[in-house]
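The values are calculated or read from the model by the stated rules, or taken from the named source; none is laboratory data. Please read these numbers as outputs of a predicted model, since none were measured by experiment. Note: ideal-geometry Cβ built from the backbone for every residue, glycine included; neighbour counts use all protein chains shown.
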Amino acid sequence: MRFLYVAPRYHTNQIPIMKGLTENGDSVCFVSHYQGTVEDYSYVKPVIAGYSSLFLLENAIYLKLHKKNSHAGDMKLKFGFPSARRIRHIVRDFKPEVMIIRERSVYSIVVCQACRHMKIPMILYNQSPLWENEIKKDFPHRVVKKLLPAVRITPVLGKQDVNKEKEDNAFFVPFVMEPRLSSEDKTWFQQGMIHILCVGKYEKRKNIAMLLEIIDEIRDHFPIKLTVAGECSSEFHKAYYKEQQIYIQEHHLEQHVTLLKNLKRSEMDELYAGADLFVIPSTAEPASISQLEAMAFSTPVICSDQNGSACYVKHGVTGYLFRDNDRIALKEALENALEDREGLQQMGKMGYNEIKEHCSFQEYYRGIQKCLQRIGELEKGKKII
């Protein structure tokens with residue numbers, strides 16, 4: 001098949017999918033809004049569609065008026081839009097059999113409407129849970145849904161209970177992740193230390209500062225070494241990174257904490273392979289591929305119970321879940337993990353098995369086929385009406 005993806009950027013979580021599609025003999029075109037700081041083009045090199053000149057002018061004015069707002073750059077994700085002519089040109093040249101479009105955004109609406117007459121099956125991909133607290137049905141949300149694909153996939157399951165709702169045409173399709181290093185082949189506790197890894201952008205909601213405070217409190221009780229690796233591209237990232245550097249110096253944590261930034265894929269793989277425990281302390285995390293990457297390297301995971309990817313972590317089996325944004329709960333989970341080295345190895349083994357069993361490319365491909373079947377059923381229903 002011929003797959004065309006449209007997303008803000010070529011994110012790490014797309015790499016296993018692109019690998020699977022190319023090895024399966026499918027053709028892929030990946031269209032991104034912009035180029036990320038660190039990207040791996042081993043399988044697919046994205047086409048940068050960019051933004052329309054009109055939006056770039058609007059955005060430049062907006063950024064100038066909101067210099068001190070760390071979220072000002074997010075305007076691109078929510079309200080940025082491409083040149084419809086450019087999108088149509090890319091789509092006509094590639095001739096896709098299916099389009100998978102990321103997020104409910106203005107950009108996605110323009111893409112859908114620009115290509116609607118081409119009759120290409122379209123699937124919406126986002127990280128809103130399959131089971132939601134509430135499906136919004138007010139007029140603005142109904143309009144947006146009408147302008148976007150009717151069928152949605154998400155790698156976030158959410159918690160299913162009587163109070164949750166699920167859209168009729170929404171499907172859970174797990175992240176794709178290849179098992180990388182078994183627990184038996186992993187070298188645990190190098191130099192007698194427990195190596196902790198934290199991955200995430202250098203920004204406040206990632207709660208790196210909270211993790212450093214906990215490391216400061218427990219460093220005399222456990223032989224630990226923390227490595228933090230993340231994107232540091234914007235001025236706000238750099239400011240937050242500097243704050244953590246100062247904290248490390250003031251609390252004499254240089255022997256216990258290392259901060260790294262903007263690493264290549266191969267460098268990240270080395271960190272995952274050498275880690276004995278993975279911690280992602282962030283709050284308001286829609287989903288995190290990094291904890292699945294850790295599990296693929298047989299590394300047990302600690303994450304918030306509100307993290308979208310918490311559905312991949314079995315508490316007490318493949319890692320620990322802690323109450324979101326709760327410093328005491330995170331410290332308790334960390335101490336429980338550090339007290340049991342054998343338990344860490346067993347959890348790493350179980351996490352590796354979870355990746356093998358539930359995050360294969362074949363599972364993803366079956367999910368896409370189900371979506372295409374549902375699109376066919378919906379189109380058939382329209383014709384009957």
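Looking only at residues in the range 208-225 that are farther than 19 Å from ARG341 by Cα and among the acidic types (Asp, Glu), which one is surrounded by the fewest Cβ atoms within 10 Å (Cβ to Cβ)? Filtering the range 208-225 for residues that are farther than 19 Å from ARG341 by Cα and among the acidic types (Asp, Glu), the one surrounded by the fewest Cβ atoms within 10 Å (Cβ to Cβ) comes out as GLU217. Is there a residue being among the β-branched types (Val, Ile, Thr) and either surrounded by fewer than 24 Cβ atoms within 10 Å (Cβ to Cβ) or assigned by TED's automatic domain parsing to the domain that holds GLU39 (or both) anywhere in the range 264-279? No, the range 264-279 has no match at all. Restricting attention to the range 351-369, the residues that are over 13 Å from GLY20 (Cβ atoms) and out of contact with any helix residue (DSSP H, G or I) (no Cβ under 7 Å at 6 or more places or on another chain) total 5. Of the set (1) on the phi < 0 side of the Ramachandran plot; (2) over 18 Å from the mean Cα position of the chain (by Cα), all apply to GLY25 but (1).
Identification of helices (runs of 4 or more DSSP H) wholly contained in the range 49-133 with 2 or more residues that are closer than 24 Å to ILE368 by Cβ yields 84-94, 106-115.
Can you find a residue that is at positive phi and surrounded by 12 or more Cβ atoms within 10 Å (Cβ to Cβ) anywhere in the range 70-78? Looking through the range 70-78, none of the residues is at positive phi and surrounded by 12 or more Cβ atoms within 10 Å (Cβ to Cβ).
Counting the residues of the range 245-273 that are in a loop (DSSP other than H, G, I, E, B), in contact with a strand residue (DSSP E or B) (Cβ under 7 Å, 6 or more places away or on another chain) and without any contact (Cβ under 8 Å) to a residue 60 or more places away in the chain gives 1. Of the set (1) of a type in the set (Phe, Trp, Tyr); (2) assigned to a helix (DSSP H, G or I); (3) closer than 18 Å to LYS264 by Cα, all apply to TYR43 but (2).
Yes/no matrix, rows are residues, columns are (1) farther than 16 Å from ILE100 by Cβ; (2) aliphatic (A, V, I, L, M); (3) touching a Pro at 6+ places or on another chain (Cβ under 9 Å):
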position	(1), (2), (3)
THR12	yes, no, no
LEU21	no, yes, no
GLY25	yes, no, no
SER32	no, no, yes
ASP40	yes, no, no
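Take the conditions (1) surrounded by fewer than 16 Cβ atoms within 10 Å (Cβ to Cβ); (2) assigned by TED's automatic domain parsing to the domain that holds LEU212; (3) not in a loop (DSSP other than H, G, I, E, B); VAL317 misses just one of them, which is (3). Here VAL110, VAL28, VAL91 are screened, and the one residue that is in contact with a strand residue (DSSP E or B) (Cβ under 6 Å, 6 or more places away or on another chain), farther than 26 Å from GLU203 by Cα, modelled with pLDDT of 95 or more and not polar (S, T, N, Q) is VAL28. Here GLN362 meets the list (1) more than 20 Å from ILE224 (Cα to Cα); (2) surrounded by 16 or more Cβ atoms within 10 Å (Cβ to Cβ); (3) not acidic (Asp, Glu) almost entirely, failing just condition (2).
Could you figure out which of (1) of a type in the set (Lys, Arg); (2) modelled with pLDDT under 95; (3) touching a helix residue (DSSP H, G or I) at 6+ places or on another chain (Cβ under 9 Å) isn't true of LYS225? The single condition LYS225 does not satisfy is (2).
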